[in-house]
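A short write-up of the structure that comes next.
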Amino acid sequence: MLVGAEAIAMFMFGDPDATRRIYHAWEAHGLPAFKVGQALWARKGALVAWVDAKESEADRPSDPPAM
């Protein structure tokens with residue numbers, strides 16, 4: 001379990017100063033985390049699964065435009 005945006009940022013980006021990126025991903029892109037009091041918490045396994053899903057979405061070819 002990761003407690004705090006700094007810990008999550010360190011796990012995901014190797015940079016504890018990337019907290020704004022964490023909050024943005026949580027608010028705008030559905031990063032699997034939750035608030036306990038003022039702290040953001042996340043499970044490592046949920047983060048890895050989320051990234052895997054995002055990679056799969058990016059790898060999927062988009063539908064060709066309709067003619």
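The values are calculated or read from the model by the stated rules, or taken from the named source; none is laboratory data. Worth saying up front: this structure is predicted, and the values here are computed from it rather than measured. A quick note on method: Cβ atoms are made from the backbone with ideal geometry, for glycine too, and the neighbour counts reach across all protein chains shown. In case anyone asks, the SASA skips ligands and DNA or RNA and just uses the protein heavy atoms, side chains included. Shrake-Rupley method; radii C 1.70, N 1.55, O 1.52, S 1.80 Å.
Some notes on this structure:
- Ala5 passes every criterion in (1) in contact with a strand residue (DSSP E or B) (Cβ under 9 Å, 6 or more places away or on another chain); (2) hydrophobic (A, V, I, L, M, F, W, C); (3) open to solvent by 50 Å² or more (accessible area, probe 1.4 Å) apart from (3).
- Scanning the range 14-51 for residues that are under 19 Å from Met1 (Cβ atoms) and either charged (D, E, K, R) or touching a Ser or Thr at 6+ places or on another chain (Cβ under 7 Å) (or both) gives Lys35, Arg43, Lys44.
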